[in-house]
Each structure stands twice: as structure tokens, then as C-alpha cells.
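Visitor: So that we are looking at the same thing, I have put the structure below in C-alpha cells.
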Amino acid sequence: METLLIRSGKVYNPARHEWSYKDIAVKNGRIMEGLPSGDCEVVDASGCIVTAGLIDYHVHYFNHGTENGVNPDAASFPCGITTVVDGGSCGAANYEMYRRSVMSFSDVRILNMLLMGSGGQTTNQYPERLEERYFDRDKIRALFRTYPDNLVGLKLRLSADIIGENEAEKSLRATVAVAEELGCNICVHITDPAMDLEKLAGMLRRKDVICHVYQGKGRETILDENGAVRKGIMDARERGVLFDASNGCNNYDLEISRKAVKQGFIPDIISSDINTAGFYLQPLHSLPRIMSKYLDMGMCLEKVLDAATVCPAQLIGREELASLDMGSTADVAILKLVEKEVCYSDRNGHTFTGHQVIVPQMTIKGGKVMYCQACLLYTSDAADEARSV
């Protein structure tokens, strides 16, 4: 494997929340101690941010196995992403097919939340069955025993068009009980909520996740009638419940997001929920484009990067993936912050104009270059000055 020397970048190490100007060397899939003395590939990262590979905590990558699955590598490496968590594309009945097909032929690191409904999110034509009576607890337990390296949580969708209010509460209680037994967290989808959101949040535990937190459909949102973040939602955050922006196409409202962020209710996790409807298209586009939106809403760059590295890495039990410390796995994203007017929209007709955008320049996974912007050139001689044009 080639030795890489990344020169002259502004380095952000998420694990330490530290900025520095230094060169970073990669050898044998790891961050090296010191710098190489012999020939190597030299990357000029001047004017760029060098950070850990991004982790997209909510994707749909079961390409050709579900109607909303996209190509994993095409959706990841051009976006600086080296690790993802699939947000319940599969349930107990079809997880192993996903593992033996798409996952086996993809280079991006794919981990999974297992949907409580056995059939997963196979089709958009009708909803999955998420009533508690349909849960296959025995098979879920067996899969977690067999694949502890890959299954990192349970997923439950509690939308009014999927499940009734009384059944929603039963399913949530049952899912929490299964998660307690398995020692994992759960992620709850709340778009068009089937039950009271404050009650739902109150049933969750520390490190459980509410996704699509800025959704704007149905009987209620995280904001009350006066536009303030609901007390029960704030209380849940105080107890350690986590909130994922999880943009998607139909699960996000710009005005809800802007009002909540203005009040300091920023996302713990920024993920894409990427799927066929938003694959490099508005209103989703890509994880870096979504991250850029929060910069223009007032989040600082460190918080935005942490929400796509540190918090997801902790949730999946792989903190090393958010680190650029010596000896860490060499997952690296080289990004450029470009001043550019960008128009954002949502499916509710709201628009927002941003003025800066994160543009990935290079993605390195396990020491191997998986993507490079055409304008980012590098040489093969350590004695030469790296150059870009």
C-alpha cells in the first residue's frame, strides 16, 4: 500500500476537538508517527481542511434490493464519507441478503440498524408492518448474536400513515425492551408522528436517537404553538437522548430547522437519509451539502464536523474512526470551504440561501485513496514540492 503525505492542510482532529497546521502521513492503512523519509505520494492540501472521514449515520444503501436504495460507493466517496449506518433498509427477513450482496461488493464501511419490521423498507407502495405483534424477536436476537460487528442498533418508524397511536406506543415499549436485552440503542423516525412527541421522547433512554427531528408534517413538530422547542424535547436532551437532523426529502422542514437552531437546539448528528429520491438532487443532494446548510444557519464548523464524525463514531462503538491520532485507521477527508451562493429548499415550499459550501477534495479509507477531485493533483516524489492547479 502506498505511503501518502498530506501537506499544508488545516487539520481538525474531531476526537480531540483540536485544530492545527501540520503534515499528516499515512502508511499501511494507519496514521504514521512522524513523516516518511522515502518516496511517497504527496498531496497538497493547502487551503483545505483535513479531517477524519465523515460518518453518515442514516443512509439507504440496499441498491436494487429496495426501491429507495442507492449505490453505496457512488454516494459515499465523492462526499468524503468512509463509514455509514444504514437506517433500517432491512429487517430480520432480508438482512443477510443485503450482507451477502450489496455489502459484499461495496468498499465503503456499511453498518446497520435493523428495522423492527421483518421485511425492511422494501417498497414505497405500502408501509412496513411495525405493530408489536409482528416483531420476530427470536430472529432479531439471533442476528445480533451472529453479526455483533455489524448490527449497531434497532430502527422503528412511528408515522401516522404506518401505525396507529395505540399500536405506536406498544411498539416503542417493545423495541426499547428488545434493545435493553441486546445492549444497543434505538433510532425512532418521527415524521408525521403517530403519537405525542413529548411522550415518545420521554420513553427513550440515553443514547437513543430521534431522527428527522426537524420534520414539519402531521399533528405536531418539536416546536410548540409559539415556535419554541417543546419542554419534553429539551428534557429528553438533558437525559442524553440524541437528535439526528437526518434530512431526507420528505422528512425535513427548513423553517422548523431554522427556528430550532436559532434557539440553540442544534443537531447532535447530521446525516443525509440519502435515497433514490434525493441522490445528488434537491432537497437532499448529499451529506456535505446538508452540513453546509447548518454553517449558514449559524453552527460553527467544529460542531458541524463533530456531528458527522464524533457523535456517530461513539454511537457505533468505533471512536477511532473520528480520530487522526497516530496509529488510528487512516480514514481521512480533505475538504474545501468555498464561498458560493447556494439555494436550499424543502418539500413544503420553503427556501433558504446559503453563502458557503463544503466541497470534498479527496477521500481516503484505510489508507487507500477512494476519490480525488480532478483539480487536486499530487506527485510521487517526497522531495518535490506538492502542487495543485
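Visitor: Given the convex hull of the Cα atoms of the stretch 1-137, what is a quarter of its surface area in nm²?
Guide: 11.0 nm²
Visitor: Amide H to amide H under 5 Å from residue 153: which residues, 5+ apart in sequence or cross-chain, H placed 1.01 Å off N in plane?
Guide: Under 5 Å from the amide H of residue 153: 114.
Visitor: Turning to a different aspect of this structure: What dipole magnitude, in Debye to the nearest 20, does the stretch 222-313 give about its Cα centre under +1 on Lys/Arg Cβ and -1 on Asp/Glu Cβ?
Guide: 100 debye
Visitor: Now, a different point. Taking 8 Å as the Cα distance limit and 6 or more residues as the minimum spacing, I'd like the relative contact order of the stretch 1-93 as a percentage.
Guide: It comes to 26 percent, rounded to a whole number.
Visitor: Now a separate question. Normalised by the residues of the stretch 158-255, what does the relative contact order come to in percent, with Cα pairs under 8 Å and at least six apart?
Guide: Computed value for the stretch 158-255: 29 percent relative contact order.
Visitor: Moving to a separate point now. Roughly how much of residue 60 is accessible, in Å² to the nearest 10, using a 1.4 Å probe?
Guide: 10 Å²
Visitor: Let me ask you something else. On the accessible surface of the stretch 254-370, probed at 1.4 Å, how many percent belong to carbon and sulfur atoms?
Guide: 49 percent
Visitor: Roll a 1.4 Å probe over the protein heavy atoms and report the accessible area of residue 286 in Å², nearest 10.
Guide: 10 Å²
Visitor: Let me ask something else about it. Would you work out if the stretch 151-193 is rounded, prolate or oblate? Take a ≥ b ≥ c from the square roots of the eigenvalues of the alpha-carbon gyration tensor; rounded if a/c is under 1.5, else prolate when a/b is larger than b/c, oblate otherwise.
Guide: Verdict is oblate for the stretch 151-193.
Visitor: Okay, next question. Mean separation of Cα pairs under 8 Å and 6+ residues apart, divided by the residue count of the chain: what relative contact order is that in percent?
Guide: Answer for the chain is 21 percent.
Visitor: Less than 12 Å Cβ to Cβ from residue 253, Lys/Arg counted +1 and Asp/Glu -1: what total charge do the surrounding residues give?
Guide: +1
Visitor: Please report, in whole Å, how far the alpha carbons of the stretch 131-237 spread along each principal axis, starting with the longest.
Guide: 48, 26, 18
Visitor: I've got another one for you. Please get the size of the charge dipole for the chain, origin at its Cα centre, with Cβ charges of +1 on Lys and Arg and -1 on Asp and Glu, quoted in debye to the nearest 20.
Guide: Approximately 360 debye in magnitude.
Visitor: May I pose another question? Within the stretch 147-285, what percent of beta bridges assigned by DSSP are antiparallel, to the nearest 5?
Guide: 15 percent
Visitor: Moving on to the next point. Using a cut-off of 9 Å between beta-carbons, work out the net charge of the residues near residue 211 (Lys and Arg +1, Asp and Glu -1, residue 211 not included).
Guide: Surrounding charge for residue 211 is -1.
Visitor: Now a separate question. Hey, which of these cross-link pairs are over 29 Å Cα-Cα: 170/217; 231/336; 259/340; 199/365; 170/262?
Guide: 231/336; 199/365; 170/262
Visitor: Rounded, prolate or oblate: which fits the stretch 105-148 when a ≥ b ≥ c are the square roots of the eigenvalues of the alpha-carbon gyration tensor, with rounded for a/c under 1.5 and prolate only if a/b beats b/c?
Guide: Oblate, because a/c is 1.5 or more while a/b does not exceed b/c.
Visitor: Which value results for Rg/Rh of the stretch 236-347 when Rg is the Cα radius of gyration and Rh the Kirkwood radius based on the inverse mean 1/r?
Guide: A ratio of 0.97.
Visitor: Okay, next question. So for the chain: antiparallel DSSP bridges make up what percent, rounded to the nearest 5?
Guide: So the antiparallel bridges amount to about 50 percent of the total.
Visitor: Bin all alpha-carbon pair distances of the chain at 10 Å intervals from 0 and give each bin's fraction as a whole percent.
Guide: Computed distribution, short to long bins: 5, 24, 33, 24, 11, 3, 0.
The values are calculated or read from the model by the stated rules, or taken from the named source; none is laboratory data. Computed from a predicted structure; not experimentally measured. Counting neighbours? That spans all protein chains shown, and the Cβs are built from the backbone with ideal geometry, glycine included. Side chains are part of the model used for accessible areas, which takes the heavy atoms of the whole protein and leaves out ligands, DNA and RNA. Shrake-Rupley method; radii C 1.70, N 1.55, O 1.52, S 1.80 Å.
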